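Undergrad: Please see the structure below; I have some questions.
Taken together, the values in this text are just the output of simple stated rules run on the coordinates, not laboratory data. This structure is a prediction, so every number in the text was calculated from the model and none was measured. Here the Cβ positions follow ideal geometry from the backbone for every residue, glycine too, while neighbour counts run over all protein chains shown.
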Amino acid sequence: MSAGAKLAYRPIGIAAGIAAGAISGRVFKVVWKRIADEDDAPGAMQSEYRTTHVLLAAAIQGAIFAATKAAVDRFGAQAFTKLTGSWPGD
């Protein structure tokens, strides 16, 4: 892919990353509410929660973020390819 095409994809990639963060945050809130029946996940520095509870919340949040980011990146790359004929990762 040409340097111009890579440069053109950069803002799309940045926007996709921001969108992935926002989407995964919302998805995690819904999932956590169903799992723990709590509005907010426990933070690492909140002493009232057990360590296993905090680690479970972090693992679920990380998995949701990683899957959402991969999906958004992939769909963004596919859309870019349809528009330009070049895959942004090559």
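Undergrad: Note the angle between two axes, namely the Cα long axis of helix 3-36 and the longest principal axis of the Cα atoms of the chain, as a number of degrees from 0 to 90, rounded to the nearest 10.
TA: Helix 3-36 sits at roughly 20 degrees to that axis.
Undergrad: Hey, another quick one. State, as an integer percentage, the relative contact order of the chain based on alpha-carbon contacts under 8 Å between residues 6 or more apart.
TA: Relative contact order comes out at 41 percent.
Undergrad: Another question, then. Taking Cα atoms, how many degrees apart are the long axis of helix 51-84 and the longest axis of the chain, rounded to 10 and kept between 0 and 90?
TA: With rounding to tens, the tilt is 20 degrees.
Undergrad: Give the aspartates and glutamates reachable from Lys82 as a straight Cα distance under 18 Å; neighbours fewer than 8 places away on the same chain don't count.
TA: Straight-line reach from Lys82, under 18 Å: Asp73, Asp90.
Undergrad: Normalized C-alpha radius of gyration of the range 3-84, against 2.2 N^0.38 Å?
TA: 1.42
Undergrad: May I ask you to sort Glu48, Glu38 by Cβ crowding, counting other Cβ atoms within 10 Å and putting the fewest first?
TA: Glu48, Glu38
Undergrad: Would you calculate a helix-derived [θ] at 222 nm for the chain, using -39,500 (n - 2.57) for each DSSP H run of n ≥ 4 and dividing by the full residue count, to the nearest 500? Walk me through the intermediate numbers first.
TA: On the way: 2 runs with 68 residues, N = 90.
Computed mean residue ellipticity for the chain: -27500 deg cm²/dmol.
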